[in-house]
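Report on the structure given below.
The values are calculated or read from the model by the stated rules, or taken from the named source; none is laboratory data. As the structure is a computational prediction, the values presented were derived from the model and not from experiment. Cβ placement follows ideal geometry from the backbone for every residue including glycine, while neighbour counts extend to all protein chains displayed. Side chains are part of the model used for accessible areas, which takes the heavy atoms of the whole protein and leaves out ligands, DNA and RNA. Shrake-Rupley method; radii C 1.70, N 1.55, O 1.52, S 1.80 Å.
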Amino acid sequence: MVDGKVIKRAKYKSSVKDSGTPGILEMMEDRFIFTPHNPKSSPSLNVLFRLIKGHKFTKEGSHKQALLNLTHDQGGSYIFEFENFSDRDVCREFVGRATSTATEAGKDGSERSSVAAQDEQLSTKEMERRIKLLQEDSELQKLHKQFVLGGVLTEAEFWATRKKLLDGDISRVTRQRAGFKSAMLADVKPSADGRSNRVTFNLTPEIIHQIFAEKPAVHRAFLKFVPNKMTEKDFWTKYCRAEYLHSTKNAVAAAAEAAEDEELAVFLKHDDVWATEARHKIRRVDPTLDMEADEGDDYIHLPDHGMSRDGSNDAIDSQYEEYRRSLSQVLNRHGAVVLEGRSIDVELGDTRSVAEALARSKQVELANGASDGIVNQERLERISQLAEIEDLQAPRDPPLAPLFIKDPREYFDSQQANAIKTLGDTLAGTRQIKCSLSTSEAYGSLRERISEVKISGLSDPIVKPEVAFKVFNGLTQNISSTKYHFGKNPQESVLDGLPSITKEQLLHHWTSIEELLKHFWSSYPITTSYLYVKVHRLKDAMSQIYPKLQEIKESVNSDSRHQVSLLVQPMLQALDAAFAHYDADLQKRSAKTGDRPNGIV
Amino acid sequence: MPQVKIIAKNFMDMVASLPALKLDKLYDNAFICEAILRSLPPLAKKYVLQMLYIDVPISAKLLQEWVLADGVSKHNVAVDRLVQLRVFIETVDRKKESTYRLNPKFQINLQKHIVHGGVLPREPMPSTITVRLPSLEDLEAYAAEQWECFLLHLISSAQAERTTNFSSSMMKIFQRGLLSQRDKEAPKLTESGFQFLLMDTNAQLWYIIREYITNSEERGVDTADLISFLLELSFHVTGEAYNMNTLTDIQRNVIKDLADLGLVKLQQGRKESWFIPTKLATNLSISLSDLSSRKQGFVVVETNFRVYAYSSSKLHCEILRLFSRVEYQLPNLIVAAITKESLYNAFENGIMAEQIISFLQQNAHPRVAERIPSVPENVTDQIRLWESDTNRVEMTPAHLFDEFPSRDVFEAACDFAREYGGVLWEDSKKMRLVVKAEILGQMREFLRR
Amino acid sequence: MTSVTPKLSTDDVSLLMVLLDTNPFFWSAANATSLSFSKFLSHVVAFLNSVLLINQLNQVVVIATGINTCDYVYDSAAAGAVPNQRAEILLQKLVEFVVKDEQLGKEDSVNGIGSSLLSGSLSMALCYIQRVFRSGPLHPQPRSNLMKLLVWWQILCLHGSPDGPEQYVAIMNAIFSAQRSMVPIDSCLLGAQHSAFLQQASYITGGVYLKPQQLDGLFQYLSTVFASDLYSRNFLQLPKPVGVDFRASCFCHKNTIDMGYICSVCLSIFCKHHKNCSTCGSVFGQAQSNAPSTSNQKRETPET
């Protein structure tokens, strides 16, 4: 996709207002060419991408033009209007890639070939992300330029060690899911045609989904009745009838109908699923919350929040209580569902599948949290936490994760047998003054020394003035020399004392060595010929850095040479270790496969 | 704003102000060396230690090498102090570079101390003599009682039940500055007198001892001798009895005075008499009030401005009366209320809000002392607010200029004064201008031109 | 000017833990060379005296580090107020300690100079400090505006014996707990070679590490470098070591190693590849050493 061409019909405009010159826009690897239909009307364009500084574009929208604006390096810009947005986007992506590779590759376009070859199997998105990372981080870009374009590492190898950077970017881009509309179900008003008694309800899949979510009893009934007992159409007709009865506020009529038709009754009675859910919720309410204290702060005690619904006045009749709903209940339920958002990912349309999917997600939810035991336990803990009486509590220490040790003796105790063994170079120094004393002799002399002090008192003077002066002078010199070497203040870095060019070079070499070493060590053990080639390539690259470091060391003036060599030392050591390993490995390899000096070829 | 006139300088400032000869003589005494060393700033102590065994002059540059950029000021303070106390003897060589070496006497005394671990000034009473010595608590109570009695006596001789050994002339000296007496009237506390009462015991003691020392010459006692004796006293062990016979006559007289202040307790044995230093004495050379020297507080202040003082002391009652209205007085409890009137009264006497607050905080009852803040914030805030009420009018010395020859000159003068930030008031109609007194000189010069 | 009260803060109070190395083998070896134990003791006692001299609130605790045990030998807070008996008390206790140390030792003579129980004495010092923090009024409370003294402890190791790699874990644990309780560990090396443990201890806790060149001037080193209280250290440039030996000891053989294997669960260090971690029991995956033509390929974790 990167190489190749894009050819689109477009209009070239000198400004946004300009009506534009129709023509053909052709985008190639390193340039774009615009040829007007009418060669006389305006000159054709042929611009290199590396002269393009950036690009802007209009947002997608019905009444907007599909514009792409390319900003030229020396100021000025090229505006193209496309026929549609998809054309524009293709070109935009192309330009984005082309400009960044063009700037990356520097002035020499030919270097780019190797990159392009590797890129082929990458998606555009992936590519864009990498380019963005490179643009954001100049350090990274430098490394990329040096090694990938220099042919030391392949593009894939370079990015393989930086998966995290790429992944982090992906996770940020997640698709946004559309939630429920906040419009109430009650807003779905029946429309009456006025002439007859017929009332029509309009149910869309969207509304049905919402009904399922908000009215679990309907949802349950749907799963139960459809399609065994009745058709979907019958079901919804019944539902609508029930709704209609509700809307007319005719509790008596509703009760009468419910008595006749048990299916209809489901819709008319109180939703028992709500009730249980509500009970669960109440149980989860913070037990220390004192609701009574807030009583009177709101309008709860007024029926229906003081609003009259549809202007009709409810006759209070406890007999039909269960056939009436309060507006507040409906409102609350609706609010909860909207906030919860859409929890299923099923194409709306087939009502049945929607219903089932919803049922599944509900079950998961239930299983997840609502086991009463846990909730109760939490509740009790909360109570004791919030209503604790300070004096009666034991002091609470911050929680510590105990270290699990299988056998403490193994951890803490010395292993005598091993300890007596040669202890590396720590003992090397002491060997020279090895004493031939036995234990008792040694202790004896120690005691003697102590009693010596006891009898004769402290030696007076403790320190001879000459010695004291010498020591003091020595220490002071030590101090002043460290001050000189490491700057007056401990925070000040040695690097700050160096000329800025040297400093930058050092830092740059350090990062490149790090990068190379990372790749180098990660390719061991060499199992494939590919790794073998890679290691060889890396070794060569590293050996090129070696003399450069030497050069830096010699280029600085004598004052800071010592410091620079101190800084360079660890780099050289790290490189040396890598070389040594490489050589050893090579030898082993050639020894094994004597006739094949190249190892695996 | 009333300025505090009592500055409780520490002992060492007084020592430092002595002439060089006397200072050198003081360093003969090992205890003085020790006390001086302890009073030094931290860096100075370190310098002394590191030069302890060096007998050649060390150049200032070498010392400076060790100092980080942040510490230069501390370093300078330390070195100045050392030179001022003649612990460092400074010499400036031909290249104008100063070198330092330790005062030899000082050096030798400290070297000895380090090797032998310090000795006691005199042997305590051998344990073979069976005399009942007061317990440490008794001793402390005794010291507090003596000191209180002395203070009461100081404020109003009439209230004191016991007379002190101090001659009335000595008493007069102490009272000088604290009390003012207009003819025939009963003496009244001055501003500094009030402030004195609110200071903590160590600071009060300081004031008295300082007066005592500065007036020693009049009594025929050498200042340096007195200082060295007082310092020596502070190295005695609290609660041990020491024989009076080891003292010189002058010292014996001094000891009697000190007994009145509660610094020592005198005890008459069958044959010999002894003196027992109290905590007040051993704290003399300490320039800080560490926790051990702090007394238990007794005051509880409530948010309703009520003050409960668990004390039977008359002095405490008197002090509380300075800024609050005493309502009840029970055998061990004084109940008082901080009112606007009582505070105004205090402010008129020159007591400042901060002093009252710090008194309440420092003497907070242990029950409330642990709380932060130990005095309720609304009370402290109110005390400060009431104080600022009294300071509504601010006085600024100023000069009035008028009868300017022309408007131009007047305006130029105004601008000039404004530049110096000295304009207090101007009336452009009548061409009059009031400026701060500080810029009078510049104004004069300007107008002359 | 309302501050008529004397200076309230005592910035320069130092509470000092001195860990004395009493390894008899080391000292009998050192006898012949520069510093005998008796000389060493006079330097140390003089140093203790001078620390106690410069501030009456200073406190010194001495812990002797033997090869078999360690113990408190002096505590200036408990020793009573008689200053001129300091040395006597300390020496008396020291003799008792040496006798005890000898009795506890096994008969077989140690090959070369054994290491002394630095881990033990460090732990004892830290325990002491913790006890004071928790019980006493001297608990450091920088935030409190109560007039509590800000008192900080410091540990000074006067050490000569070589490091005992078998103590690695215990010493590192002590170092980290010192770091957590903000107790700097100063080290003064009396032996011929540097100590990697103490280098790390001083580095991690922000203390001073010094190896005096001229041991007969020990007191001068102590008074110039180590006597500076923590407050003054903010303003002073103190000697810095040129480099710190950060090498670790492996848990399996207690060898000091440059490169090794680290348990990814508990961070235990091993010098060889193991099937499972001996500390926490985690089972490790197969090291990638099954390459066809390679013999001894190790995937090493370079740790520096």
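Rounded to the nearest 0.05, what FRET efficiency do B:R122 and C:K272 give with R0 = 60 Å and r taken as the Cβ-Cβ distance? Could you check? The computed FRET efficiency comes out at 0.25. A 1.4 Å probe run over the protein chains yields, for chain B, 50 Å² of accessible area per residue, whole-number rounding.
Could you tell me whether region B:299-390 comes out rounded, prolate or oblate from its Cα gyration tensor? Rule is a ≥ b ≥ c as square roots of the eigenvalues, rounded for a/c under 1.5, then prolate if a/b exceeds b/c, otherwise oblate. Oblate shape, in that a/c is at least 1.5 and b/c is the bigger or equal ratio.
For region A:129-135, 3J(HN,Hα) computed residue by residue from phi via the Karplus equation (6.51, -1.76, 1.60; θ = phi - 60°) reads 5, 4, 5, 5, 4, 5, 6 Hz, glycine and proline entered as x. Electrostatic tally near A:I24: other residues with Cβ closer than 13 Å to its Cβ, Lys and Arg +1, Asp and Glu -1, net +1.
Loop-resident GluC sites (Glu not before Pro) (DSSP state other than H, G, I, E or B) in region B:180-269 with no more than 13 further Cβ atoms inside 10 Å of their Cβ: B:E185. Our summary gives chain B a relative contact order of 12 percent, counting only alpha carbon pairs under 8 angstrom and 6 or more residues apart.
On average, how much accessible surface per residue is there in region A:514-595, in Å², for a 1.4 Å probe, leaving out ligands, DNA and RNA? Show your work: numbers first, answer last.
Working: 4170 Å² over 82 residues.
It amounts to 51 Å² per residue over region A:514-595.
For chain B, the square roots a ≥ b ≥ c of the C-alpha gyration tensor eigenvalues yield an a/c of 1.5 or more together with a/b not exceeding b/c, which makes the shape oblate.
Annotation: amide H of C:V73 within the under-5 Å range of C:V62, C:I63, C:A64, sequence separation 5 or more or interchain, hydrogens built in the peptide plane.
Taking amide H atoms as placed 1.01 Å from N in the peptide plane, the amide H of B:S311 lies under 5 Å from those of B:L333, B:I334, each 5 or more residues away in sequence or on another chain. What FRET efficiency, computed as 1/(1 + (r/R0)^6) with R0 = 56 Å and r the Cβ-Cβ distance, is obtained for A:I383 and A:T511, rounded to the nearest 0.05? Rounded to the nearest 0.05, the efficiency is 0.50. Other residues with beta-carbon under 14 Å from the beta-carbon of C:K93 carry, at +1 per Lys or Arg and -1 per Asp or Glu, a net charge of -1. If R0 equals 41 Å, the separation of the Cβ atoms of B:K61 and A:E504 corresponds to a calculated FRET efficiency of about 0.65. If the segment from A:H72 to A:S565 were pulled out straight at 0.36 nm per residue, it would be longer than the present Cα-Cα gap by 172.9 nm. Computed from protein heavy atoms with a 1.4 Å probe, the total accessible area buried between A and C is close to 6000 Å². For the pair B and C, the buried accessible area comes to roughly 4000 Å² in total, with a 1.4 Å probe and the value rounded to the nearest 100.
B:V56: net charge of surrounding residues, Cβ under 10 Å, Lys/Arg +1, Asp/Glu -1, itself excluded? Its environment carries a net charge of -1.
Per-atom-type breakdown for chain B gives carbon and sulfur 50% of the accessible area (1.4 Å probe, protein chains only). Derived scalar couplings between HN and Hα for region B:217-222 equal 4, 4, 8, x, 10, 6 Hz in order, rounded to whole Hz, by the Karplus curve 6.51 cos²θ - 1.76 cosθ + 1.60 (θ = phi - 60°), x for Gly and Pro.
Between the amide H of B:K265 and those of B:I276, B:T278, distances stay under 5 Å, these residues lying 5 or more places away or on another chain, with hydrogens modeled in the peptide plane.
Computed from phi, the 3J(HN,Hα) profile of region B:341-357 under the Karplus parametrisation 6.51, -1.76, 1.60 (θ = phi - 60°) reads 4, 5, 6, 4, 4, 5, 4, 4, 7, x, 7, 9, 4, 4, 5, 5, 4 Hz, with x in place of Gly and Pro.
First check a/c for region B:184-243, with a ≥ b ≥ c the square roots of the eigenvalues of its C-alpha gyration tensor; if it is under 1.5, answer rounded, and if not, answer prolate when a/b is larger than b/c or oblate otherwise.
Details: a/c = 2.69, a/b = 1.59, b/c = 1.69.
Note, shape of region B:184-243 comes out oblate.
The accessible-area loss of region C:192-231 on complex formation, taken against its chain alone with a 1.4 Å probe, reaches 30 Å² or more at C:Q193, C:Q214, C:D216, C:F219, C:Q220, C:Y221, C:S223, C:T224, C:Y231. Highest mobility in the GNM of chain B, judged by mean-square fluctuation with C-alpha springs under 10 Å and restricted to B:V221, B:V409, B:V77, is found for B:V409.
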